[in-house]
1. If you find the alpha carbon centre of the range A:1-69 and of the range B:1-40, how far apart are they in angstrom?
2. I'd like the orientation of helix B:17-28 relative to chain B: the angle between its Cα long axis and the longest Cα principal axis, in ° from 0 to 90, rounded to 10.
3. In nanometres, what is the gap between the two model label sites at B:V70 and B:D32, each 7 Å from Cα along Cα-to-Cβ?
4. What is the average number of partner chain Cβ atoms found within 10 Å of a Cβ in A:44-51?
5. Once the piece of chain linking A:V15 and A:E55 is laid out straight, how much longer is it, given 0.36 nm per residue of separation minus the C-alpha distance between them?
6. For the protein assembly as shown, what size does the Cα cloud have along each of its three principal axes, sorted from largest down, in whole Å?
7. For chain B, what log10 I(q)/I(0) values come out of the Debye formula at q = 0.13, 0.18 1/Å, with one point per alpha carbon and no solvent?
8. What does the charge dipole of chain A about its Cα centre add up to, to the nearest 20 debye, if the Cβ of each Lys and Arg holds +1 and the Cβ of each Asp and Glu holds -1?
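Just so it is clear, none of the values below were taken in a lab; they were calculated from the coordinates. Keep in mind it's a predicted model, so treat the numbers as computed, not measured. Glycine also receives a Cβ, built like all others from the backbone with ideal geometry; neighbour counts cover every protein chain displayed.
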Number of protein chains: 2
Amino acid sequence: MTKVQVFVSLRESVVDPQGIATKDALHKLGFDEVGNVRIGKMIELDLAGTNSEIETRVHEMCNALLVNKVIENYRFEIEEVAGK
Amino acid sequence: MTKVQVFVSLRESVVDPQGIATKDALHKLGFDEVGNVRIGKMIELDLAGTNSEIETRVHEMCNALLVNKVIENYRFEIEEVAGK
């Protein structure tokens with residue numbers, strides 16, 4: 001099994017209310033050095049297959065289900081599981 | 001400004017219903033090679049300060065607001081913004 005981490009973030013042009021709320025909360029707690037805050041998703045998948053198969057399939061999964069490409073971007077990292 | 005990415009994931013022992021639902025949906029779409037799926041958060045912060053100040057402050061932010069340490073783990077990466 002190979003572990004893949006998919007990082008999904010809102011496009012720059014899309015307003016992120018959750019990020020704005022988090023920034024305001026951090027300021028209220030005294031973290032005044034915080035500028036912009038954006039909240040995204042991290043999806044960890046355990047996958048079977050070779051690295052090149054996995055790369056193709058993860059793009060397919062992102063397009064089919066994991067990512068809303070109208071408002072979101074994604075990138076992913078493939079890492080071998082120790083002991084394989 | 002320095003960009004920091006905080007990755008928050010559920011502890012291994014905590015059930016992740018969102019991950020299970022995502023796994024089931026991927027299987028229904030024909031992605032049968034998918035094993036375990038876990039969903040976490042990625043929080044991107046723009047911060048002022050030196051790297052060592054930032055490291056201390058991000059730990060404080062995670063403890064104060066960003067992470068529920070009872071059920072979640074976190075790690076973060078500090079990256080310089082290009083052109084600084």
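1. 11 Å
2. Taking Cα atoms only, the helix is inclined about 50 degrees.
3. 4.1 nm
4. Per residue, the average neighbour count from other chains is 5.
5. 11.4 nm
6. 48, 35, 27
7. Taken in order of the listed q values, log10 I(q)/I(0) reads -0.55, -0.80.
8. 180 debye
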